[in-house]
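Colleague: I am attaching a structure below and will ask some questions about it afterwards.
The values are calculated or read from the model by the stated rules, or taken from the named source; none is laboratory data. Since the structure is predicted, the reported quantities are computational estimates derived from the model, not experimental observations. Virtual Cβ from ideal backbone geometry, glycine too; neighbours counted across all protein chains shown. Side chains are part of the model used for accessible areas, which takes the heavy atoms of the whole protein and leaves out ligands, DNA and RNA. Shrake-Rupley method; radii C 1.70, N 1.55, O 1.52, S 1.80 Å.
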Amino acid sequence: MAYKVNPEVCINCGACESACPVGAISEQNGKRAIDAAKCIECGACAGTCPVSAIAL
């Protein structure tokens, strides 16, 4: 199960995208989104999100 971004909480700061070691995060419709096929479930993105918008 890949991590997911809650679009209602995401402030689109890009911290998660920079932290992702496999490039699974991109901007979509003004928010960040995680590609489940690329996500390795390392949690780096969740640890860097300043508004806790990312969870399993």
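Colleague: Quick one: what pairs do we get from segment 1-28, first residue open to solvent by less than 70 Å² (accessible area, probe 1.4 Å), second in a loop (DSSP other than H, G, I, E, B) and among the β-branched types (Val, Ile, Thr), C-beta under 6 Å, 6+ apart or different chains?
Modeller: Qualifying pairs under 6 Å: VAL9/VAL51; VAL22/ILE40.
Here's the yes/no breakdown for (1) loosely packed, with under 13 Cβ neighbours inside 10 Å; (2) touching an Asp or Glu at 6+ places or on another chain (Cβ under 9 Å):
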residue: ILE34; (1), (2): no, no
residue: ALA37; (1), (2): yes, no
residue: CYS45; (1), (2): no, yes
residue: THR48; (1), (2): no, no
residue: LEU56; (1), (2): yes, yes
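Colleague: With the structure loaded, tell me whether GLU8 is in a loop (DSSP other than H, G, I, E, B) and among the charged types (D, E, K, R) or whether it fails that test.
Modeller: Numbers: in a loop (DSSP other than H, G, I, E, B): yes; among the charged types (D, E, K, R): yes.
Spelling it out, GLU8 is indeed in a loop (DSSP other than H, G, I, E, B) and among the charged types (D, E, K, R).
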